[in-house]
Structure formats: structure tokens, C-alpha cells
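Asker: Before I ask anything, let me first share the structure, which is written out below as C-alpha cells.
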């Protein structure tokens, strides 16, 4: 089994996740500015999650591109990642509708953490297939982004209960860190897109 | 007609099914732990169905991979399978929201049964096209998984009314059985993914 | 512009239409047989529409397969067809929820009629591109199915107000007529899927 | 990274946007003509947005077709465009449900404006990659459509508060201007679809 179908299926799921998130932003029944501004925080959380899914889509592509053959472990590691990402619309809606209250914010951070760990597991599964001389392993190098993100999410989980604004800063910060496409992989991989 | 477009269309439908199921988990309006824990069983049923659709996606891929040409019978057998799978979001939501009550649990088992039979019909349709020396037929061998699952679902339908926990154990058990990718087909098929 | 991307986009839209239709079947809050049986007609209308979208997907594939190059007219004729098909979830839900009442049934027939005409326009657009010696034109021959369906839908529109059962019989009948894949095109087209 | 996966992902997102917009047209609970006609303006706004998304899909295809390699800037410019397009279902529903009231109409124009600017940014990003002798730059020529549209949307934003009908005429007018496929690119690009 090649990685093409895995990629196509993941693309489909990610495209749906990124699009149905907008459905949590319920159309108000009033044509007033008040009705619209009541949605401001729902909108903000939507923007945040849109960027996160965009980052995952981008990095996921680079990851699968480095993966020539797919076995059962990779396949389920990938579905495991998609599972946590599929919860984004739910936690995004909950956090936005409740104006970034502590509990929803902590859950949002927790789902980000779970997705980051799932991504790491998928990466390990692909490296394991490639063996000692794994091109992906040397490409990601020390992987400081991949190691720092879960730690930052963990801080955000705790921060949500004491200083919600800190959790929010962390969300924005990690997004910024990853917004730069993963040039490490791009650079060291052979060009055969 | 090659099997590529059938695969792409099925992938699209499966990606949508697996993703819209999460919409049944309605975002609560309260930022409290009570509001969240009220969704625990809806979440659990979502996890279960996510795994089932993942299994179907995986096995469906192996099945179509064994199928080089598509005729009307295969095409409609495939749509028939997708039809039953499209009911997963409904039965998942009904079972979860009603805390695994007998009737919704029985219906869930019934839809699993219908999907399993539809899968078997699709398998037969592909084998019929390949004739006596069907590579797929020898690949699936005695197909004990394919034969045991419908029987177990049938038991679950009945068990739902007398001992709901038994039905739930069966759901988990069958998922576990299938979680292992179908190595039989993988092993005996020529490698031309 | 080749027909591949047109096909992929149409597949995506059709896959979404066929899957979100099920969302009109709202999950009942009660775990009772009454709650479930209240949905019987919604379910029936879902089955009907699922078959219709399946038929359109199937015939649409054969149609585009006969089309090598895409121009603006074909592109918009295709979007025009997708537009009417995108209304299926709405009319399906309306007809089902209102127990096949006259007006929703008539609207359902009207949308079927519009989709049939849009399909015919798309067919004409493709034939026009191929010129006098159009392979598609000779393939569809006298196209009695394509000509009879709109007439039958028109009868159903009128029948809905006087004898709803007649409209329903027509829906089932036309579905049966088309359920047989379009062998005419399959037979006369070169095999290069 | 080739443009194929970018195209496939964008196609998926556009297919979902164009289809879930119809979900804003809530199925009425009454089988009466009053219930249906209450949706007339929601339907009209749906038709308008369907045409706009169709235009974007069409032009987007021509744009990406002119783009052979994808870098980080193009990738994020594309996601940025998809972001604004993903808000179409929301603004379409808000404008339709509130009978083209001033504020929702102005917001609709604003989102059209944002999408137009995002499209222009994507175009610039692709041209920048191609360098001085950019085939795309010479293909779009003076790009009067691309320059006139944002200005017209800007007029519509203001007009919405003083003369809603003028904003509506502008929406229809710009759609008409773009309905003609972008022949400039089609003509000057090498035929290798």
C-alpha cells in the first residue's frame, strides 16, 4: 500500500474538519451589530483553529512525503492523529462560545497536546519503517519544535485555571513557531513531488 | 471503468462520515465539568464508531485494491455498503445520547450487521468478476473474521435487550479482532500499490 | 483543462451531498420505538434520494469519461447540474418530515426535473464539443431514458396534488429504470478507464 | 512539493463550502407555501454564493495550473484565500435570513472584498515565484477584472447602508463579469492539463 491513498483520505478529513468548524459559528437571527459582536470570540477561536489545522495539513504533507510505504502501524498512527484533530470543531466551539473560560481553554490545550503526541507517534512510526539510516530522522534533526510544543501545551493546560491570558498567549506563540513550514524536511528530502 | 474513481468516491464518503459523526457531540452552552461529563457516553460511542469506520476504510482499501475492473454489480454493491455506513452518525448519536439504552444499542448492532453483510456482498461481487482462480478468494481463505462478525452482531442485537453490557463487550471485541489489518490479502496480493 | 479535476470536484460535491442528507434525520432524544418510527418516512425519503444521487454519480462518471476536454460551457453546465443536486438534502428532508405531503412531494419532483434537464444540458454541451461524429451521441442513441424521465417527473409534479401515491410510484419507477448502469455508453466507448 | 496536493485540498474545501451552504436553508416544519416562500431570500443568497464559489473554483484552477512549484508563501496565501471563502456559508445565511438587511449585506460585501484581496495576494505570490518572465503575469495582462472587483465590493459595502438594492446589483454585476471563464490565462498557457 502506497502513501497516496493515505494522503488523499487524510486530506479529505482535514478539509472537512477545517470547513465544518465554521458551522459552530451559528448564524444570528438579528441583523444587528450586537448579534454579530457576540460572536467575536467564537470567530477568534475559529481563526486560531483554522491556523492550527492549516499547520497540521502542511506538516502532515511533508511527513507523508517522506514515507514511501505504509504498514498497519503507520495507518493506525495516522487515524489516531486524525481522531484528535476531529475534536477541534468541538473544543473550538466550546472555548469560543464560553468566552475562553478556564475549563474549555484547558480542554482546548489538552486536545492540542493529544494531537501533538499523536503527530509525534506517527513520525516515530515512519522513522521505524525506514530503519537506522532514516532520511526523515536526519531531516527533523533535534526536532526542538516537536519537543517544545507538547511542553508548552502542558503549561497552557495548567495556566488555563490560573491565568487564562497566558494559555492564549501560548496558543498564539506555538502557532507562530510552526507557521514557518518545516524547511528541515523540505531541504534534506530528494525533490520528487 | 477502473477502480480508481470508485475508491476516490468511497474515500470521500468515508472521510465525511467519520468527520460529521463528531457533530452529534453538541457543544454545551455551559463551561462546566458537569456539562462536559454529560457528553461522556456520546464521546465513547463516537470513539467506537471512529474505530469502526477506520477499520472499514482500511479493509475497503485492501478489497478494492484486489479489484481491477468495476462493473455495475460491484458499483452498486459498493454504494450499498456506503449506505449502511452513512447511518453510523445517526445510530452513534442515538446510542450515545441515550446512554446505551437497549433499543438504540440494538439498532447500532443491527446497522453493524447490515454493513458487515454489505461488505460480504461486495467481496462476493469482486470474487465473481475474477472467476474460478480469484486471487481475492484464495487471499481471504476461510474468512473466519468475515463469518464470525455478523454472528457476533446478531448476538449483540439480542443481548441489547437483556444485558446491554454484553452487547458493548461484543462491539469492543469485534473492533479488536478487525483492528489488525487484513494481512491475508496484503500477503498474497502482488505488490503494485 | 482536462476532465480529471472536473470529475474530482464533482465527486467531492456528490460525496458530500449523499452524506449530509443523513443529517436531516435528526437523532431523537428518546430511546423509544415511537421516536424511531416517527422517522420512518424521513428514512424512506433518504433511501430514495441516496439511490438517485448514486444513479447521478454513476451516469455522471460515464458522461465525463466520454469527455476529453473541458471548456467554459461544459464547466458551467456541470456546476449547474451540481446546483440542483445540492438541493436534494433540502427537498428530501422537507418531503420526509412532512410525511410526503402534496407540496413537498411536488417540489421534490420539480427538483428531480430540474436536475434531469441540467444533466441533459451537460450532455448536449459535451456532444457539441465533439462535433458531428460525436462518440457520445452515437453511444446514447435515441436516449429514451433521458427523454422519458423529465416527462415522468412532470407528471409527478402534477400528480402530487391529486394522488400523492402516484408521484411516489413514479419516483420509484424512474429510479428503477436508471438503476441499470448506462450500458449504451459503456459498450460503445473505447476501454481506457 | 507539487501543486497537485494543494489543488486537491483546495478542491475538497471548496466542494464542502459550496455544499454546506445549503444547510443554512433550514427545512421548514410545515408543508405550506408560506413556509417555503419564507425561504425565498435565503435561497436567493444561496444561488448568489453558489455562483461566486463556482467562479472562485474555476479561476483558482486556472491559477494553480499556472503554478508548477509550491513554496511556503504560496501555500499560506492559498490557505488565507480558503479562510475567507470558508466564511461564505455564514455571511450567506446571515444575509438571506435577515432579508438583505443593511448590516449583513455590508458584511457579505466585506467578505467578498477580503476574498478578492486574498486571491490577488495568491496571484502575486505565484508571479513572484516565476520571476521576471512570469507566464502568469503576461497571461493576466492588465487584470482589469481583478482590479475592478475589489473597488466594486468596496462601493457595495458603503451602498449597503444607503441603498441596499445598489449593493445587490453590484453583487450580480461582478458575478456576471467573472462568469466568463478567464480566457486570458487559458489562451496564453501551454496546453498540458
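The values are calculated or read from the model by the stated rules, or taken from the named source; none is laboratory data. Every value quoted in this text rests on a predicted model; they were computed, and no experiment measured them. Quick reminder, even Gly has a Cβ in these numbers, built from the backbone with ideal geometry, and neighbours come from all protein chains shown.
Asker: What is the residue count in segment A:139-158 for residues that are in a helix (DSSP H, G or I) and out of contact with any helix residue (DSSP H, G or I) (no Cβ under 7 Å at 6 or more places or on another chain)? Spell out how you get there, then give the answer.
Answerer: In the first step, residues of segment A:139-158 are kept if they are in a helix (DSSP H, G or I); the result is A:139-140, A:144-158.
So of that shortlist, the ones also out of contact with any helix residue (DSSP H, G or I) (no Cβ under 7 Å at 6 or more places or on another chain) come out as A:144, A:147-148, A:151, A:158.
Residues that pass the stated criteria total 5.
Asker: Just give me the residues in segment A:1-25 being under 19 Å from residue D:20 (Cα atoms) and in contact (Cβ under 8 Å) with a residue 12 or more places away in the chain, in sequence order.
Answerer: Within segment A:1-25, A:11, A:13, A:14, A:17, A:18, A:20, A:21, A:22, A:23, A:24, A:25 meet the criteria.
Asker: Taking segment C:1-24, which residues are more than 7 Å from every other protein chain (Cβ to nearest Cβ), over 20 Å from residue B:89 (Cβ atoms) and within 15 Å of the chain's Cα centre (by Cα)?
Answerer: Correct list: C:10 only.
Asker: Just to check your reading of the model, which residue among B:113, B:64, B:136 is free of Cβ contacts under 8 Å to residues at least 60 places away in the same chain and either in contact with a helix residue (DSSP H, G or I) (Cβ under 6 Å, 6 or more places away or on another chain) or in a loop (DSSP other than H, G, I, E, B) (or both)?
Answerer: Going through B:113, B:64, B:136 in turn, the sole match is B:113.
Asker: Suppose we filter A:53, A:27, A:70 for residues that are modelled with pLDDT of 90 or more and either out of contact with any helix residue (DSSP H, G or I) (no Cβ under 6 Å at 6 or more places or on another chain) or under 23 Å from residue B:54 (Cα atoms) (or both); which single one remains?
Answerer: Only one candidate qualifies: A:53.
Asker: Working carefully through the options B:29, B:80, B:60, find the one that is surrounded by fewer than 23 Cβ atoms within 10 Å (Cβ to Cβ) and either closer than 30 Å to residue A:160 by Cβ or more than 13 Å from the chain's Cα centre (by Cα) (or both).
Answerer: Residue meeting the stated conditions: B:29.
Asker: Got a sec? Which of D:66, D:115, D:40, D:109 is within 22 Å of residue A:179 (Cβ to Cβ), out of contact with any strand residue (DSSP E or B) (no Cβ under 8 Å at 6 or more places or on another chain) and either more than 10 Å from every other protein chain (Cβ to nearest Cβ) or crowded, with 20+ Cβ neighbours inside 10 Å (or both)? So that I can check it myself, show each step before the final result.
Answerer: Values: D:66 fails: within 22 Å of residue A:179 (Cβ to Cβ); D:40 fails: within 22 Å of residue A:179 (Cβ to Cβ); D:109 fails: within 22 Å of residue A:179 (Cβ to Cβ).
Criteria check complete, one pass: D:115.
Asker: Kindly check whether there is at least one residue in segment C:128-140 that is at pLDDT below 95 and within 13 Å of chain D (Cβ to nearest Cβ).
Answerer: Among the residues of segment C:128-140, not one is at pLDDT below 95 and within 13 Å of chain D (Cβ to nearest Cβ), which makes the answer no.
Asker: To continue, here is another question. Tell me, please, whether a residue that is under 19 Å from residue C:57 (Cα atoms) and modelled with pLDDT under 95 can be found in segment C:104-111.
Answerer: no
Asker: Kindly establish whether residue B:74 is more than 19 Å from residue B:179 (Cβ to Cβ), more than 9 Å from chain A (Cβ to nearest Cβ) and assigned to a helix (DSSP H, G or I).
Answerer: Judged against the criteria, residue B:74 is a match.
Asker: Could you figure out which of (1) touching a helix residue (DSSP H, G or I) at 6+ places or on another chain (Cβ under 8 Å); (2) at pLDDT below 95; (3) in a helix (DSSP H, G or I) isn't true of residue D:170?
Answerer: Of (1) touching a helix residue (DSSP H, G or I) at 6+ places or on another chain (Cβ under 8 Å); (2) at pLDDT below 95; (3) in a helix (DSSP H, G or I), only one is false for residue D:170: (2).
Asker: Would it be correct to say that residue A:48 is within 13 Å of the chain's Cα centre (by Cα), within 13 Å of chain D (Cβ to nearest Cβ) and in contact (Cβ under 8 Å) with a residue 12 or more places away in the chain? Steps first, answer last, please.
Answerer: Working: within 13 Å of the chain's Cα centre (by Cα): yes; within 13 Å of chain D (Cβ to nearest Cβ): yes; in contact (Cβ under 8 Å) with a residue 12 or more places away in the chain: yes.
So residue A:48 passes the test.
Asker: Do the conditions hold for residue B:27, that is, is it within 14 Å of chain A (Cβ to nearest Cβ) and outside any helix (DSSP H, G or I)?
Answerer: Yes; evaluated as a whole, the condition is true for this residue.
Asker: May I ask you to list the residues in segment B:139-154 that are over 17 Å from the mean Cα position of the chain (by Cα) and either surrounded by 14 or more Cβ atoms within 10 Å (Cβ to Cβ) or free of Cβ contacts under 8 Å to residues at least 40 places away in the same chain (or both)?
Answerer: B:139, B:140, B:142 - these are the residues of segment B:139-154 that are over 17 Å from the mean Cα position of the chain (by Cα) and either surrounded by 14 or more Cβ atoms within 10 Å (Cβ to Cβ) or free of Cβ contacts under 8 Å to residues at least 40 places away in the same chain (or both).
Asker: Among the residues of segment A:91-106, write down those that are facing chain B (nearest Cβ under 7 Å) and either assigned to a helix (DSSP H, G or I) or within 13 Å of the chain's Cα centre (by Cα) (or both).
Answerer: Those that are facing chain B (nearest Cβ under 7 Å) and either assigned to a helix (DSSP H, G or I) or within 13 Å of the chain's Cα centre (by Cα) (or both): A:93, A:94, A:97, A:103, A:104.
Asker: Considering (1) surrounded by fewer than 18 Cβ atoms within 10 Å (Cβ to Cβ); (2) touching a residue at least 24 places away in the same chain (Cβ under 8 Å); (3) more than 17 Å from residue C:62 (Cα to Cα), say which one residue C:97 fails and leave the rest.
Answerer: Tallying (1) surrounded by fewer than 18 Cβ atoms within 10 Å (Cβ to Cβ); (2) touching a residue at least 24 places away in the same chain (Cβ under 8 Å); (3) more than 17 Å from residue C:62 (Cα to Cα), residue C:97 fails exactly one: (1).
Asker: Here's a follow-up. Can you find even one residue in segment D:31-38 that is touching a residue at least 24 places away in the same chain (Cβ under 8 Å) and outside any loop (DSSP other than H, G, I, E, B)?
Answerer: Scanning segment D:31-38 turns up no residue that is touching a residue at least 24 places away in the same chain (Cβ under 8 Å) and outside any loop (DSSP other than H, G, I, E, B).
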